Amino acid sequence: MPERDLHYLAELAAQLRVDSVRAAAAAGSGHPTSSMSAADLMAVLFACHLRYDFADPGNPANDHLIFSKGHASPLLYSLYKAAGAVDDEELLTFRKRGSRLEGHPTPRLPWVDVATGSLGQGLPVGVGVAMAGRLERLPYRVWVLCGDSELAEGSIWEAAEHAGEEGLANLTLIVDVNRLGQRGPTRHGWDTGAYARRFGAFGWHTIEIDGHDPGQIDFALSDASNTRRRPTVILAKTRKGEGVLEVENREGAHGKALKDPDKAVEELGGVRDVRVAVHPPDESPAPFRFDDGPLELPAYKTGEVVATRTAYGEALAALGAARGDVVALDGEVGDSTKTETFAEAFPERFFQMYIAEQQLVAAAVGLQVRGWKPYAATFAAFLTRAYDFIRMAGVSGASVRLVGSHAGVAIGEDGPSQMGLEDLAMMRPVHGSTVLYPCDANQTAALVAEMADLEGVSYLRTTRGGTPVIYEPGERFPVGGSRVLRRSAEDRVTIVAAGVTVHEALAAADELAAADVPVGVIDLYSVKPIDAAALAEAATTTGNLITVEDHRLEGGLGDAVLEAVSELGPRVVQLGVSGLPASATPEEQLADARIDRRAIVAAVKRLL
């Protein structure tokens, strides 16, 4: 590399360190030392290898840069300043109220694909973006900056194995091995060989370099771009706080603004105004998309007994025929979730993620970055493993569709380890989420189609066993709605149910009617957003509500109803799963949990 280029890159890296120190100083907090260690790596990437049009962040040929070590946000924002995307005045609003430059990056900035900061997530999401590039046949590259501390996260190795197995050559991981974590040294310190052996075992091309040598960095990035049939990891040995004696390679400086930022800036050579002309993509080809067609959802006859999980699989396949942007992901349970129906019809748009639920959700987030409509399914119970990814998808404003099957005690003999009993409580608090719980096959099919255009994280809960079809084919079920299934002017109680308990509530209502105790029944298929108007009407007319759900009492349908009607003052009785289930038949499970028809009848009588 010519001497003038080396001088320019050194000046650019020094500016990135200076601006990281200044931004954190202005905020009084932040992670300047974690930014300083990676400054040389990012200077060479931006100046020589990244292909990105900052004036057109939606350009489909743009590379994607994901800061998995999101706490190094001062470095990212300093890069944006050097590229002319933000000015110095905005840089110094870092972490302040109303600023786009938050403590950890979010898509409030148009150049940020996903929110980061919860460590171990950037690489798994990057895998999803790289999968999308292969699907849409575009030449962009995915660059992920990762810290060595987060290599202790299991999600990193789920991603490493999947990327290696799939041969995602458009993915490059740059690991800033600066030896120091939050509280002290990392597990392997500067032993880049330890990491290389692990990545190499997963089929990655590994490169070990001095992360402060621009020539080595440039060679490594070029080598990564030219590698075929496998992803590349660049393991760069760096020094945390590089360039400032007070903090360089010293413990105890993590996550703090420097004590004497002016002295640090002087030590780094002073404030500069170096610009980097990031190269835009050489071409802007249109992403490949599959053909659309007419939507013909499956239709089920009333009275049939069909599992909602079966209806999900058939409806998803029908949606796939209608929409070329729909893709499906499976956690190696496609024969149970019935995602296999889609896989058989559209193998190019089906992704087997195996039993790696974190990577399952992360890949869905990565795919939606590029405009795909991902549906990711596994057992409801197993989505708990991926909850941090779901939470961060909400922070990202990511539009992903999650499906949890085998919900509740109604699965029967498999026992509590397989029962999703916490999923409604888990999904409801996610920012911008939608939570749906259908009770029959036609309702399920309609809601699967509704989900395609929902913004944010949406969740569909399905049941293992068959349930009677009570709705006609083609009926609409708008998100945020409900269905009143029983109602009269003489109703003394309204039973609110969803999913499998809707059928128990109807049976209980019929038994009570025969005993001259009229009650209403509401199918609350949209748990969030909730049909507050229908609940308010029931609360004011009968004054008594009984909620019944195949879910823990805490945080599920009952609590959602309580939140909706609390100011109206009705009496609300909640029926749900309180004990620890064991193996039994589905009917026995519902009875033991006291959420079957007999328990509902008894609750009505007690209430009255």
Exercise. In the range 118-148, how many are under 22 Å from Ala24 (Cβ atoms) and without any contact (Cβ under 8 Å) to a residue 60 or more places away in the chain?
Worked result: 3
For this session: Specify which of the listed residues (Val361, Val365) is part of a helix (DSSP H, G or I), among the aliphatic types (A, V, I, L, M), within 16 Å of Gly404 (Cβ to Cβ) and touching a residue at least 40 places away in the same chain (Cβ under 8 Å).
Result: Val361
Exercise. In a loop (DSSP other than H, G, I, E, B) and under 27 Å from Met131 (Cα atoms), is that true of Gly255?
Worked result: no
Exercise. Among the residues of the range 444-464, is there at least one that is assigned to a loop (DSSP other than H, G, I, E, B), farther than 24 Å from Arg323 by Cβ, in contact with a Ser or Thr (Cβ under 8 Å, 6 or more places away or on another chain) and hydroxyl-bearing (Ser, Thr, Tyr)?
Worked result: yes
Exercise. Hey, among Pro416, Pro438, which residue is in contact with a Pro (Cβ under 6 Å, 6 or more places away or on another chain) and not acidic (Asp, Glu)?
Worked result: Pro416
For this session: Would you mind finding the one in Gly84, Gly122, Gly103, Gly98 that is closer than 30 Å to Tyr354 by Cβ and among the small types (Gly, Ala, Ser)?
Result: Gly122
Problem set entry | Candidates Phe54, Phe94, Phe46 - the one that is closer than 16 Å to Gly211 by Cβ and aromatic (Phe, Trp, Tyr) | Phe46
For this session: Quick one: Asp559 ticks every box in (1) surrounded by 15 or more Cβ atoms within 10 Å (Cβ to Cβ); (2) charged (D, E, K, R); (3) under 16 Å from Ala505 (Cα atoms) except a single one, so which number is it?
Result: (3)
For this session: Taking the residues in the range 523-554 that are hydroxyl-bearing (Ser, Thr, Tyr) and over 30 Å from Ile411 (Cβ atoms) as candidates, determine which candidate is surrounded by the fewest Cβ atoms within 10 Å (Cβ to Cβ).
Result: Thr540
Exercise. Asp273 passes all but one of (1) outside the structural domain of Arg17 (by TED's automatic domain parsing); (2) within 27 Å of Trp157 (Cβ to Cβ); which number fails?
Worked result: (2)
For this session: Test Pro473 against the stated conditions and say whether it is in contact with a strand residue (DSSP E or B) (Cβ under 9 Å, 6 or more places away or on another chain) and not in a helix (DSSP H, G or I).
Result: no
Problem set entry | So Gly200, is it under 18 Å from the mean Cα position of the chain (by Cα) and outside the structural domain of Val365 (by TED's automatic domain parsing) | no
Problem set entry | Hits in the range 367-391 (condition: aliphatic (A, V, I, L, M), closer than 24 Å to Arg134 by Cβ and surrounded by 24 or more Cβ atoms within 10 Å (Cβ to Cβ)) | Leu367, Ala376, Ala377, Ala386
Exercise. How many residues does the range 397-443 hold that are of a type outside the set (A, V, I, L, M) and assigned to a helix (DSSP H, G or I)?
Worked result: 6
Exercise. Which ones in the range 354-386 are touching a Ser or Thr at 6+ places or on another chain (Cβ under 9 Å) and aromatic (Phe, Trp, Tyr)?
Worked result: Tyr375, Phe379
Exercise. Any residue at all in the range 557-575 that is part of a loop (DSSP other than H, G, I, E, B) and either within 34 Å of the chain's Cα centre (by Cα) or within 24 Å of Ile470 (Cβ to Cβ) (or both)?
Worked result: no
Problem set entry | Criterion violated by Ala169 - all others in (1) in contact (Cβ under 8 Å) with a residue 40 or more places away in the chain; (2) assigned to a helix (DSSP H, G or I); (3) out of contact with any helix residue (DSSP H, G or I) (no Cβ under 8 Å at 6 or more places or on another chain) satisfied | (2)
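The values are calculated or read from the model by the stated rules, or taken from the named source; none is laboratory data. This one's a predicted model, so the numbers in the text were calculated from it and none came from an experiment. Note that each Cβ is placed from the backbone with ideal geometry, even for glycine, and that neighbours are counted across all protein chains shown.
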